[in-house]
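**Student:** Encoded as structure tokens, here's the structure I'll be asking about.
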Amino acid sequence: MRTKRARQANSGALVLAAALLAAASLAGPASAAEPSSVTLGGVAYNFTTGKPIPHARVAVEETGAAAETDDNGRWSLDVPAGSDATVHITKVGWYPMYTQTFQNVRQGIPDIFLQTPDLATTAGLWALVAAQQWKDPFEDGCVIVSTVVDKRAVGMTFEELVGFVPHGVPGSTASASPALPKPLYFNDHVLPDISLSQTSTDGGVMWTNVPTGTYTFNATHPTEKFAPFTAQCKDHRFINASPAHGLHGMP
């Protein structure tokens, strides 16, 4: 025969068990663990023609992860979840190019489209810039380019993006933090033009002779809002924060 004290102890245990079951029911199933890695990908393509660049090497500066573009210029690779990622593309005959730095990447980014110029194009571009500014654009630092791009470009496939031309937002101005001198804006013929004080329908913007360091870039417009981007400048580096990332419109 159980004593009164034993009956009370058993009753207390039953109440505790019921409370724990109720709490578990309210909490629902355990959340899935965060993935240890995420996938970056996109297409490498010719800055001038829009055609894909096959068999180029694509790598992430921070982790060393690397891949080769396929016959259609497509690439993908994995990076640790939560890491920063600055993508770098190289191929013989093409100018080495870096992207913006994607920070604290916690989900895949499938649309990093690497808008890459060949050596002939960059030779002409740097000569045009030097003629306007009376200075080698890489002297004392790096060159950073982006496009103030129409919000409709966000989420487009590669094929949709290259067919969406022009995709700039005219009448925008761009700036950097820490502050840099006024940038060059590209005109409607996709050429840097020192006479411009804001974007054309092309949307292109360029900072030259940027000292080594980390910068955040922004764009402003009377009616549109844009996402900022971050870039890591090192001597003689060419950075292109290309569409539909970089200074893209906010949907």
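**Student:** Given all pairs of different Cα atoms, what value in angstroms does the Kirkwood hydrodynamic radius of the range 37-109 take?
**Tutor:** Numbers: mean 1/r = 0.0810 Å⁻¹.
Value: 12.3 Å, from the Cα pair sum.
**Student:** Take the alpha carbon atoms of the range 40-175, find their radius of gyration, then divide it by 2.2 N^0.38 Å using N residues; give the quotient. All intermediate terms of the calculation are to be shown ahead of the outcome.
**Tutor:** Details: Rg = 15.6 Å, N = 136, 2.2 N^0.38 = 14.2 Å.
This ratio for the range 40-175 stands at 1.10.
**Student:** Counting Lys and Arg as +1 and Asp and Glu as -1, what is the net charge of the other residues whose Cβ lies under 12 Å from the Cβ of VAL210?
**Tutor:** Details: positive: LYS234, ARG237; negative: GLU139, ASP140, ASP235.
Summing Lys and Arg as +1 and Asp and Glu as -1 gives -1.
**Student:** OK, next. Could you work out the helix-only [θ] at 222 nm for the chain, with each DSSP H run of four or more residues adding -39,500 (n - 2.57) and the total divided by the number of residues, to the nearest 500 deg cm²/dmol? Before the final figure, lay out the partial values.
**Tutor:** Details: 3 runs with 45 residues, N = 251.
Only helices count here, giving -6000 deg cm²/dmol.
**Student:** Top mean-square fluctuation among ALA179, ALA231, ALA130, Gaussian network model of the chain, C-alpha springs under 10 Å?
**Tutor:** It is ALA179.
**Student:** Using θ = phi - 60° and the Karplus relation 6.51 cos²θ - 1.76 cosθ + 1.60, list the HN-Hα couplings for the range 209-219 in order, rounded to whole Hz, with x at every Gly or Pro.
**Tutor:** For the range 209-219, the Karplus curve yields 6, 7, x, 4, x, 10, 10, 10, 10, 9, 10 Hz.
**Student:** Leaving out ligands, DNA and RNA, and with a 1.4 Å probe, what % of the accessible surface on the range 142-239 is carbon or sulfur? Numbers along the way, then the final one.
**Tutor:** On the way: 2470 of 4430 Å².
That share works out to 56 percent.
**Student:** Let me ask something else. Under 17 Å from a point 7 Å along the Cα-to-Cβ line of ARG106: which residues of the range 74-92 have their amide N that close?
**Tutor:** The answer is 79-85.
**Student:** Can you work out ³J(HN,Hα) from phi for every residue in the range 145-161, in order, using Karplus 6.51 cos²θ - 1.76 cosθ + 1.60 and θ = phi - 60°, giving whole Hz and x for Gly and Pro?
**Tutor:** 10, 8, 10, 7, 9, 4, 4, 5, 6, 5, x, 5, 6, 4, 5, 5, 5
**Student:** Amide H of VAL38: which non-local residues (sequence gap of 5 or more, or other chain) have their own amide H closer than 5 Å, using H built in the peptide plane?
**Tutor:** Amide H to amide H, under 5 Å and 5 or more residues apart or across chains, VAL38 pairs with VAL79, ALA81.
**Student:** In the calculated pair distance distribution of the range 142-251, what percentage of Cα-Cα distances lie above 18 Å? Could you put the intermediate results ahead of the total?
**Tutor:** Values: 2601 of 5995 pairs.
Everything past 18 Å amounts to 43 percent.
**Student:** Considering every Cα-Cα pair within the chain, what fraction, in whole percent, is farther apart than 23 Å? Before the final figure, lay out the partial values.
**Tutor:** Working: 17424 of 31375 pairs.
Of all Cα-Cα distances in the chain, 56 percent exceed 23 Å.
**Student:** Apply the Kirkwood formula to the range 120-176: the hydrodynamic radius equals the inverse of the mean of 1/r over all pairs of different alpha-carbon atoms; give it in Å with one decimal. If you can, show how the numbers build up before the last one.
**Tutor:** Numbers: mean 1/r = 0.0717 Å⁻¹.
Roughly 14.0 Å, rounded to one decimal.
**Student:** To continue, here is another question. Per residue of the range 185-197, what does 6.51 cos²θ - 1.76 cosθ + 1.60 with θ = phi - 60° give for ³J(HN,Hα)? Whole Hz please, x for Gly and Pro, Karplus curve as stated.
**Tutor:** Whole-Hz 3J(HN,Hα) from phi for the range 185-197: 10, 7, 7, 5, 9, 6, 10, x, 9, 5, 7, 7, 10.
**Student:** What is the sum of charges around CYS233, taking Lys and Arg as +1, Asp and Glu as -1, for the other residues whose C-beta is under 14 Å from the C-beta of CYS233?
**Tutor:** Charge balance in the 14 Å sphere: -2.
**Student:** Could you work out the local net charge near THR116, counting Lys and Arg as +1, Asp and Glu as -1, over the other residues with Cβ closer than 12 Å to its Cβ?
**Tutor:** On the way: positive: LYS51, ARG57, LYS91; negative: ASP118.
Taking every other residue near THR116 into account, the sum is +2.
**Student:** Now a separate question. Can you give the extra length, in nm with one decimal, that the chain gains between SER195 and THR39 once fully stretched, where that is 0.36 nm per residue apart less the Cα-Cα distance?
**Tutor:** Numbers: separation 156, 0.36 × 156 = 56.16 nm, distance 4.15 nm.
Here the answer is 52.0 nm.
**Student:** Report, in degrees rounded to the nearest 10, the 0 to 90 angle that the Cα long axis of helix 119-133 makes with the longest principal axis of the chain.
**Tutor:** Between helix and principal axis, roughly 70 degrees.
**Student:** How far, in nm, would the chain grow between ARG152 and ASP188 when pulled straight, counting 0.36 nm per residue and subtracting the alpha carbon separation?
**Tutor:** So the chain would gain 11.0 nm between ARG152 and ASP188.
**Student:** Enter the angle in degrees (range 0 to 90, nearest 10) between the Cα long axis of helix 4-27 and the first principal axis of the Cα atoms of the chain, meaning the one along which they spread out most.
**Tutor:** That helix lies at roughly 20 degrees to the long axis.
**Student:** List the residues whose amide H sits under 5 Å from the amide H of PHE47, counting only those 5 or more places along or on another chain, with H placed 1.01 Å from N in the peptide plane.
**Tutor:** THR116, ASP118
**Student:** Still on this structure: Search the structure for amide H atoms under 5 Å from the amide H of HIS248, placed 1.01 Å from N in the peptide plane, and list their residues when 5 or more places away or on another chain.
**Tutor:** VAL149, ALA227
The values are calculated or read from the model by the stated rules, or taken from the named source; none is laboratory data. Please read these numbers as outputs of a predicted model, since none were measured by experiment. Please note: Cβ atoms are built from the backbone with ideal geometry, for glycine as well, and neighbour counts cover all protein chains shown. Note: areas computed on protein heavy atoms with side chains; ligands, DNA, RNA excluded. Shrake-Rupley method; radii C 1.70, N 1.55, O 1.52, S 1.80 Å.
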